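What follows is a set of notes on a single structure, which appears directly below.
The values are calculated or read from the model by the stated rules, or taken from the named source; none is laboratory data. A quick note: this is a predicted structure, and the numbers were derived from the prediction, not measured. Don't worry about glycine lacking a Cβ; one is built from the backbone with ideal geometry, like all the others, and counts go over all protein chains shown.
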């Protein structure tokens, strides 16, 4: 869910960073990539400060709307999104940078507006980057621990993710079997995702 | 078409400052690499934004900084053919061709896919992927894609410079024919004098971001060749040869050229002005296979040499001789001369 939710934002940010020239580009670049270098626990703590009941967004935006994010599954989604976002943006950006600028100019002179050009030229030609970014983010999300445990806690059936559950089972004396089972589930999911990625990539090469 | 252009644009260290009005349906923009030709056409097409000034096409402003007019690139209806084909790699040939057509207002769709396929001879390529086309086929599809967008004008931005010589002269007829058949005026950008002479009537000479002059393609050829070490070259469009003694005999005005080798039905030949030898009287015996009786219609200076325009049965040929030769032979406008040309002096282009 975090990957799907981040996709439109990731694409938009990658588009801006690839095709728009503006002051403050470095600031945007740093902001986007910060979660990549910060320890996940720090990211989680900052999110807690921001989205918590006394936080800037929590107090002034979420509370008036009656929304409570912290220690809910939505917080886990947000934490995973923030931590994996730079990986997604980087991959999509790399995909976009390989598109010849004159293809975009050709599309515009042929009567396509910028949105039309994004949909009919940039999206299909950066699809590999989008796919790679999504897989990377999904994989990162699967292993996410630090930020999630801070903003979402470890509530079984509500916010407990696979890594959190494994942590809990490993900490309890009789949890080895369950921990191993969840490890196998993780491996299975990872293998399925990687095989799907490889299959889609090969299929696209054949279409080219 | 009338193009009224007065624009200033700064790009890093380059400054473009041009002010001109040019009329014609086959306009050339000539100049060396880096002189601002592509920036100029980018400004006209709307791909670059001028700092100030105006751009009017047939009296209609597509950009005017004082009137705050700036028609977006997609609404200017200016088709572009680039140096490389730049076909959309994820689309078929047909989808590439129809990309602009589908985005053209129904009322403006005068050129249809069927008309275009005939002219460009690309009917059998329609369902192929663009990565399975040869270089020449790709460029023909790129021309077709721009033409089918039914533009009010075409910008041909060095469309031949990435092609080798033989391919270049295969593409030129398609380029000319599609613009002629569908009556599309064009701007042709190139640093090749030969291409300029084949493709255009009037030419803007661009140097260092400024227009240094406006002239016919022929005047440009005389000016450039007069300054450089390369002598003036005659371009001859010849067709339907007869075979004679291992040579090709092409009709040229009232005369005939004998050219060594098997010439093509439709051929373009180069003939250097220094390969033409002038005689004041008919030489009794001469080894050259072509001897033409001509009148001198015009003479012009080319550095330390003189260009002599010869009228031969309604056709023009330029010979270049030394200044001293003009006095020695007493050559002046109106006099009759004989021009001798070897059959091997002609070089077929393409």
Out of contact with any strand residue (DSSP E or B) (no Cβ under 9 Å at 6 or more places or on another chain), in contact (Cβ under 8 Å) with a residue 24 or more places away in the chain and either more than 10 Å from chain A (Cβ to nearest Cβ) or assigned to a loop (DSSP other than H, G, I, E, B) (or both): does that describe residue B:89?
no
Scan (1) at positive phi; (2) out of contact with any helix residue (DSSP H, G or I) (no Cβ under 8 Å at 6 or more places or on another chain) for the single condition residue B:324 breaks and write down its number.
(1)
Would you confirm, using the coordinates I've provided, whether residue B:68 is free of Cβ contacts under 8 Å to residues at least 60 places away in the same chain and either touching a helix residue (DSSP H, G or I) at 6+ places or on another chain (Cβ under 9 Å) or outside the structural domain of residue B:24 (by TED's automatic domain parsing) (or both)?
no
Condition check for residue A:136: touching a strand residue (DSSP E or B) at 6+ places or on another chain (Cβ under 8 Å) and either surrounded by fewer than 21 Cβ atoms within 10 Å (Cβ to Cβ) or within 14 Å of chain B (Cβ to nearest Cβ) (or both)
no
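Every residue, every condition in (1) assigned to a loop (DSSP other than H, G, I, E, B); (2) within 14 Å of chain A (Cβ to nearest Cβ); (3) in contact (Cβ under 8 Å) with a residue 60 or more places away in the chain, yes or no:
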{"position": "B:131", "(1), (2), (3)": "no, yes, no"}
{"position": "B:136", "(1), (2), (3)": "no, no, no"}
{"position": "B:139", "(1), (2), (3)": "no, yes, no"}
{"position": "B:142", "(1), (2), (3)": "no, yes, yes"}
{"position": "B:147", "(1), (2), (3)": "no, yes, yes"}
{"position": "B:151", "(1), (2), (3)": "yes, yes, yes"}
{"position": "B:159", "(1), (2), (3)": "yes, yes, yes"}
{"position": "B:162", "(1), (2), (3)": "yes, yes, yes"}
{"position": "B:168", "(1), (2), (3)": "no, no, yes"}
Exclusive hit being within 30 Å of residue B:95 (Cα to Cα) and surrounded by fewer than 18 Cβ atoms within 10 Å (Cβ to Cβ), set A:59, A:101:
A:101
Taking the stretch B:92-101 and the residues there that are more than 7 Å from chain A (Cβ to nearest Cβ) and touching a residue at least 12 places away in the same chain (Cβ under 8 Å), the one that is farthest from the chain's Cα centre (by Cα) would be B:92
The stretch A:79-117: number of residues that are away from chain B (no Cβ under 13 Å) and modelled with pLDDT of 95 or more
0
Has the stretch B:229-241 got at least one residue that is surrounded by 18 or more Cβ atoms within 10 Å (Cβ to Cβ) and more than 24 Å from residue B:325 (Cβ to Cβ)?
yes
Quick one: count up the residues across the stretch A:35-66 that are touching a residue at least 12 places away in the same chain (Cβ under 8 Å), part of a helix (DSSP H, G or I) and more than 14 Å from residue A:79 (Cβ to Cβ).
2
Based on this model, can you work out whether residue B:175 counts as farther than 22 Å from residue B:3 by Cα, surrounded by 19 or more Cβ atoms within 10 Å (Cβ to Cβ) and in contact (Cβ under 8 Å) with a residue 24 or more places away in the chain?
no
